[in-house]
Every structure is written in structure tokens, then in C-alpha cells.
Amino acid sequence: MTENVIPPSPSWYCSSIIGSNTKGYFVFGTRHYVYTFGYEQCPPKFRGVYMGHKEKVTALSLCDHDDYVLFCASASEDGCVKLWNLENKELKYEHSIHSHKVTCISWSVVQNDLIVSGDEHGTIGVWQIDGNKQSAHRPEKGSILCLSSSPSTAALFAVGYKTGQINIVDVKRGCMIISRLRGHDEDVFSLSWCPVPGENFKPETTSDDITDLESFGVEDELPKNKKKLLDTDAGFGTDGWLLASGSKDKTIRVWSTSRSRQLSLLKLPSTGRRERNDESGKSRMWLTLLWSPHCSNHIMSGSMSGDILLWDITKSGKIKPKSFSGRGHLRFAFNLCLLGLEKKILCSVSMDRQIIFWDMDLHCQLGIMHTFGGYVYTIKPCTIDPGRIALGIGDNTIRLWNLNTSTEFYDITQYWQGIRAKVTALSWHPTKEGLLAYGTEDGRVGIYDTLSNKAPHISTTYHRRTVYVVTWGPPSISAVDEVNSSCHGYNVYSCGDGTILEHLPKQLDKEAYSINQLIQSSNPSYRAGTRIPTRSEISWSPDFTVVAVGNDDGTVEFYKCETFTLLAVVQVHHKLVNCVVWHPYITMATPNGSLYKHYVALGSNEHKVCVLDLRNMLDSCSSPQPLQTTESWRTLEGHKNRITGLAWNPHTDGMLLSVSYDGNAMVWNVADSQILACYQGHVSKILCCQWNALDPTEVITGGDDFTVHVWKYKDYPFKPELIEVKKKKKKKAKSIQSTETVVNTNTVETGTRVNTNTIETGTGISNSEQDMLEKLLEEKRQELEAKKTEDVEVQINGICQQTGGENNEADTDIITTTPPKQNKHDSIHSRTELSKKRPRKLKSLFPVYSKQESRGKKYTLEDIVMLTKLIYDDKLPAEYGPEIVHLGLFLDRRATLALLKLEGM
């Protein structure tokens, strides 16, 4: 029951971020996590994630010794080194002897319980697991970039520094420097020991001809006396041990560790193109290498162009490397690692976010594991070919995933040209194959033709902020006059910064039309005088006759196409609407028309999913007034945070998939409001979801953990304890925090507000004592309300006595009304209110006046003008109409009494 995972990219610019062992484990560090895979078969299968680090993982190492073959040592930027189990992901030991960022770590090849680590301050940490002995030494100033354990002596380690120096140190003698290897001018990125002893790898010349054409870079096509190469089986002798190093100066050097001198220099071939530099202007170069354990003549290394090179160090003269065959990397590689029991598979990690596997015998490419370098914001299946899925990624790329292929590795194509920000929204053209609209975090909207190599077409009208939705739809009445501006009868609609824009696909240089203005002009009476809501979602029905628009106040408005005439308003949410998804008109189970074709699923910043039945609402769309409703057909409750994605199953009617910030993906049977499955494989928030159109049980989810998970919902049946356990833990935590009852009642003078805090009951209070407390609180509340009522009556009587006149008595009878008696339901409701932390907000004594005063700035200015005319006009009106009665407190006695009379009614 293992799901397939497209993982995040391994961390860049780290010398030991990947590792493997003889048990078939393949691991790499990324962000705060370590991802583990099994390499019993190709491609590797996901096994789990270790989440024990609090900071970014910068180095790791595995062991091939039997005692610790199932353990991994990993380090992070906070200086902590942890030893944990690969199977159950449980921590065994850890230490924090480093006070700076750990840059590399190496497990001793000879001694099974010895781990050595280095940091950017130059400190070498020595950790002997048996006995948990730790020590820290700083033999040399400078930042350590790489470490490598000697295959001959347990205590010997090669240390590469940022200064270009290489030291051989004895960690059991206080990291005493045995020898110094000087020759590199810049950072040393990689070190690798020769698998066999000896340092005599150069052959002796048997020719009498002193002319060596190869030393001058000239190949001799017909050499009369060919140099005799050393037999690789015989080795390089018995004295000393060879060490290879790769540096930022684009050279590979082979060293004699016994004589502390350089024996060979290999220069990387030039790419012939301009190199990229970092912000400081320096070259962003990295060179990694690995000595082949099967052939001591061969060293494998990366290159500036991304190719994996094979060097034969036994050749004389200028050595030309061979490249592994295959598509290869597009950027330089950071790490090389051998996989499998026989170490016949080479793995390379590159800046192009690809992990490529190579056959060591055939020197060819086996497959590619794609990785992501950002949030997975959106997943959209192609409308014409459902086997092709587009992914919007936060690493400024669009990934096109072809599910139709039968290859073991995922067939994914990457599109990056013309994209300068995170891709947050995608939409396929309904009828034109290969046409993909996208929106980005910086407000751009573009159209990509995935069937060609051309750059995307980008609209010249930008949103001010992130584009959250792009979709294709029929032209509106604003753009219907544009000739040949649409693409096969459809335009691109984008939603961002609270506005909806309509872009013309064939005239993207023209200013986009504002749908907000079109809605306001087509429906002048709707929301007149009130705030126009912020638009957060736009979704067309499958037949493109109705469009749904979600708002930040939780309302969803349904409009007629082209004219955007309002048909209905639904208010089942009270927070921002994130997604509106229409049920497909046909499914694989009902090709003649689904019974759920009029159903719409809504998700918002609330924790629930609402399903609407629009059958009656859409049938009566000819009504002159828009229909309004606040009820949903089904309310699906189970998530604990905002809903971020919804998707209907295209194979089965009434089956809905939902994802949330709580990290759960749930499959619902909408008819019964039951949860069929709950997946909790993501380590963080889930942002998007989709069904696999080729498999009715397979689900695809993506989140802010930089991953895409592919899983079958039948393998993860729902268990009630998955949700209920969290509730119990939360309640228990609250009860532990308070061990006594706290009741705070603050009273103020006339017009006071009563603040009653939540009653928190500890473990020492019985039910009878709690009932007694509630009874006392109820009596206190009634006493305060009675006192408040008496104060209000005294105030009103005082006002009426001051006004005087012949109508005082009648007006006083209307105004001094006592509140009705509280029934049993109100008493229960009041006790419920007392259990809330937030104080109960009392109603206004002048609701008519307060309502008129809260209409907005426009109406306040109109009232000021009206009040000025009434005060400075010689003749006041004989009667005060409803349009000015709320101004009575600012006018004469008659106006005040009229307002009080209306308030009393």
C-alpha cells in the first residue's frame, strides 16, 4: 500500500546531500526533510519522509556495515547531527557539538561506529556512536566544504576547504594534520579515494621515439610504437593511496597522499557558451566526481554543460573524457552516487531539478526522476486528452505530465521559457489541442502552445497581484464586436486582486475588458449603494451557459453568459470562496447524462464543503428578479482548516474529492455525506487535487511540501479516529492548562457591557459543582439585566420629562416598555453564550438610528446636507418622514419624540 511520489528537489550546493546503501535504500535531503526511496526496482519507490530536523538539511551519509546498515546520519543548518532509523524513522542519537552550519558528513568506511562532520566555521566533529563519545577540533581556519573517509585507515579523512586546500587528518589524534595538498586556487567541492591501493597508475614508455604527439594535443592515427597500458587487474602497486579532488577552478587533480604531491591534472572541456554568474559576479560553478569501484582507471565527474564524463587516468598526454549517452542534464550536477547491491547504477543530481540514473556497464541513461522546486499550486487535466496533466509549480515552470505512456519512469516535460514568476493558475482550451492558459504570481496572464517550441504569448494587461484563476469562456458582450479576436470562440478570463479581466487570445496586446464593470452595468440595482465584493473565483458550467463568480464575503453569484445578467445569489459560506466546481454533465458510468449534472460544490476559507442543487434555480432563470438562497443540498464536514481544492470523479457520479490546509485529502459520497477515504501522506498543506482520468480509483494531490502524490483511495479507507483523536487531544490540552474555575464579571456604570469569560473546569470539579456555578452565573446575569433595564427606563423618563408638552404622557407610554420575559430557550441560549470567550455584544438601544448611521460615507454626507437645510431653514416640516426621522436627535423636541416613538415600535 505504497503511493507514488514526485519529490522535491534535493538541496543545491551541498557536497553530500544524497546517499545509498547495500540494502537498497536511496535517500536525499531537501528543505527540512530527508526523503527515502527503495531501489530494488527501477524507478525507485517512495518509502517515507524523516521530519526530525528543524532547519534545512545540508548533509547526510549512509553506512554499509551490518550493524548500522538501516541507519542514516543527517545534519542541518542549526548544527545538529542526528542518527535515525530508515525503516521506522525513529531517532536513536543526536548531538549538537557544532555551533555553525554543518556542510558535510562522512561515515567511516573501516570503522562502523565512527561519523565525522564538518561545518562552515572549520570545526570537525568526531562522533563515536558506541559509547556516544563526541569531540570537536579546528585544525585549520576556513570553511569546510567536503569530507571523504579513507578506505584503508579508520581514522584518516580527507578534508576540502573553501580556500582550495586539502588536508589529510587523523581524527583519533585530535584531528592532527598528516599532510597538506596544495594546488587548487578555489573551493574544493568533492573528494574521492581510489578503491585500490597504490599510486603507480601512469604507464612506462616502451617506445624509443621521443616525440609524443598526444602531449601536444595531436592524435597519431598510425602510431608505430603504442605505449603499453598498465593492466587494470594488477592494480597500482601497494605503496600509498590515490585521492581525486574537484574544484571550482574547473580542474580535477589526482594526488599522492603518501608523498603529498599532485600526480595528474584534468581540465574540464569548455561548453562554448557564456557562463551564468551569481549576484556578486562570480561564476556559479560546481564540480562533483566519483571514483569507479569496478575499474580503478575510471573517474566519473560532472561538467559545466551538465554531461556526465568518464575519465581514464591511465592515458598519457592530454586526456579527453567520454560522455555518458542520453539526454543528460541541462545544468551542472551537484552529487554523484552509486546504487544497488553491486553498485552498477550511477545516480546524478543536478540544478535542472532532475535525478538521472545511469547504467555503469553500458554508460547510458536508464531513466529520469523529476523533482519540484516550489509549491504545486494547480493540477489541470487536458480536456481533449485526459491522459495529459498540466502542473503549475512555484519554481517558475509548467510541467506537462503524460500518463498515456507505459514507461516505468514518469514522462514529464518542463516548460520555463518566458515565465518569470510562480505559476499559480492553469486552464486548457476546451476545443483546441495543446493550448494552455496560465497565470503567475506577479499578475501576468499568458498562453502556451505546448505542441510547439515557441515562446508563450503574454497579455499586456497585468493584475496588480497574484492571479488565482484562469479559465476559458465564451466572449462577453463587451468583446463580442471584436472580429477574429477569440480563439475558436473562446476568450481567457483571469481573476486576481479582486477583479476579473477578459483577455482576447489573438489580441493580447490590447487592453483586457473588466468584467466587474460589465456586471455592474448589467445589474444596476444589485448591490446598489453597498460595497462591491472582492472577486475570488470564476467558473463556467460544462455547457458554458452559466458562469459562477465567488466573492470574499462568501456569496456565489450565477450569471448568464455574454451579458452577465444576474440569475441567482447563494450565501452558504461567510468567508472567501476558494473554489467552485461543477459536476460533469456525463461520466463513464452515465454517458447519456448524469443525474448530478446540476450540482455544484463550493469550498471556502471555512472548514466545510457545500454542495448545491441548481436544478430548480437554473430552470427558473427567466425570472425578472435574481433568486436568493442560503441553504445547501449537502454540507460535508470533516476538514479542520480552509478548503483549497475540489474535484468531481469523472468515472463515478456523486463522488467528490476535497483537500485542505489541514493536510488531509478526503473522498466523499455526496448523496450520503459520508467520507469514503482519507489520505494523510503529505507533510504539510495540500493546495490542489485531481482524479486520474485513466484510473477511476487513482487520485493526484499536490501541496506546499513541493510534492505530488499519486494514490488509490481504496487503499486509505476512512477511520473515524483520524479526526476524533485530534478533537480529544485539543480538549485535553485545554483542561490541563487550567486547574481551577475562573469567572470574571466586570460591570460598568449606566450603559455597561457585561464581560463573562469562559468557565474552564479542571479535573478537580464535579458535575454537581459545575451545575451550581452555572446557576450562580444565571442569577448574576438576570440581576445585571434587571439593573440595566431600570437604568434605561430612568434615562428615557428623564428625556421625556425634559421635553414637556401635552403629548408627553402618551409618548412615555410607548417608550418605556419593559423587555419580555425570558423563556426556557433563551435561558439555555444565554448559558451557551457564557461558555464563549468573546463577550456577548449587546443590541443597540436605537436600532433604527444605528442602521441609518452605518450606511456608509456617501449617505452620511447626504444627511449632513439635509440636516444643514433643516436647521437653517425658517420653516421646519410639519411631519417628519422616514427619510429624515433618524435625524431627530439633532433637531427639535417633536423630531426627537418621533424618533423615540419609531424606536419603541
Review point. Filtering the range 623-639 down to residues that are part of a loop (DSSP other than H, G, I, E, B) and surrounded by 15 or more Cβ atoms within 10 Å (Cβ to Cβ), which residue is nearest to the chain's Cα centre (by Cα)?
Key: 639
Practice item. For residue 838, state whether it is within 47 Å of the chain's Cα centre (by Cα), at pLDDT below 75 and either over 24 Å from residue 782 (Cα atoms) or open to solvent by less than 100 Å² (accessible area, probe 1.4 Å) (or both). Key: no
Review point. Only one of 125, 142, 183, 160 is at pLDDT 95 or above and under 28 Å from residue 263 (Cβ atoms); which?
Key: 160
Check your understanding: Given the structure, is residue 41 more than 22 Å from residue 357 (Cβ to Cβ), assigned to a loop (DSSP other than H, G, I, E, B) and not aromatic (Phe, Trp, Tyr)?
Key -> no
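Residues are listed down the side, and each one gets a yes or a no for (1) over 26 Å from the mean Cα position of the chain (by Cα); (2) surrounded by fewer than 21 Cβ atoms within 10 Å (Cβ to Cβ):
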| position | (1), (2) |
| --- | --- |
| 469 | no, no |
| 476 | yes, no |
| 490 | yes, no |
| 497 | no, yes |
| 507 | yes, yes |
| 516 | yes, yes |
| 527 | yes, yes |
Check your understanding: Any idea which of 39, 68, 50 is crowded, with 18+ Cβ neighbours inside 10 Å, over 23 Å from residue 371 (Cβ atoms) and touching a residue at least 24 places away in the same chain (Cβ under 8 Å)?
Key -> 68
Check your understanding: Has the range 580-599 got any residue that is open to solvent by less than 30 Å² (accessible area, probe 1.4 Å), touching a helix residue (DSSP H, G or I) at 6+ places or on another chain (Cβ under 9 Å) and part of a strand (DSSP E or B)?
Key -> yes
Point to revise | Long-range neighbours under 6 Å by Cβ, at least six apart or interchain, first residue more than 23 Å from residue 64 (Cβ to Cβ) within the range 149-171, second β-branched (Val, Ile, Thr) and open to solvent by 30 Å² or more (accessible area, probe 1.4 Å) | key: 167/177
Exercise for review: All but one of (1) open to solvent by 50 Å² or more (accessible area, probe 1.4 Å); (2) assigned to a strand (DSSP E or B); (3) within 17 Å of residue 148 (Cβ to Cβ) hold for residue 117, so report the exception by its number.
Suggested key: (1)
Check your understanding: If you go through the range 658-677 one residue at a time, do you hit one that is surrounded by fewer than 17 Cβ atoms within 10 Å (Cβ to Cβ) and touching a Cys at 6+ places or on another chain (Cβ under 7 Å)?
Key -> no
Check your understanding: Of all residues in the range 403-443, which are part of a loop (DSSP other than H, G, I, E, B), free of Cβ contacts under 8 Å to residues at least 40 places away in the same chain and either hydrophobic (A, V, I, L, M, F, W, C) or more than 15 Å from residue 462 (Cβ to Cβ) (or both)?
Key -> 405, 406, 416, 417, 419, 421, 434
Revision key, fill the gap. Checked 361, 307, 352 against criteria (open to solvent by 10 Å² or more (accessible area, probe 1.4 Å), of a type in the set (Asp, Glu), outside any strand (DSSP E or B) and touching a Lys or Arg at 6+ places or on another chain (Cβ under 6 Å)); the one match is 352
Point to revise | Subset of the range 90-111 (residues that are open to solvent by less than 40 Å² (accessible area, probe 1.4 Å) and in a loop (DSSP other than H, G, I, E, B)) | key: 98, 108, 111
**Study point:** Sole residue being outside any strand (DSSP E or B) and of a type outside the set (Lys, Arg), chosen from 645, 681
**Key:** 681
Practice item. Starting from residues that are aliphatic (A, V, I, L, M) and assigned to a loop (DSSP other than H, G, I, E, B), keep the ones in the range 120-164 and report whichever is surrounded by the fewest Cβ atoms within 10 Å (Cβ to Cβ). Key: 154
Review point. Going through the range 460-496 one residue at a time, which ones are modelled with pLDDT of 85 or more and more than 17 Å from residue 446 (Cα to Cα)?
Key: 474, 475, 476, 477, 478, 489
Exercise for review: Mind listing whichever residues of the range 311-344 are buried (at least 20 other Cβ atoms within 10 Å of the Cβ) and part of a strand (DSSP E or B)?
Suggested key: 311, 333, 334, 335, 336, 337, 339
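The values are calculated or read from the model by the stated rules, or taken from the named source; none is laboratory data. Note that the structure is a prediction, hence the values are computed from the model and not measured. Cβ atoms come from the backbone with ideal geometry, glycine included; neighbour counts cover every protein chain shown. The area values use the complete protein model at the heavy-atom level, side chains included, leaving out ligands, DNA and RNA. Shrake-Rupley method; radii C 1.70, N 1.55, O 1.52, S 1.80 Å.
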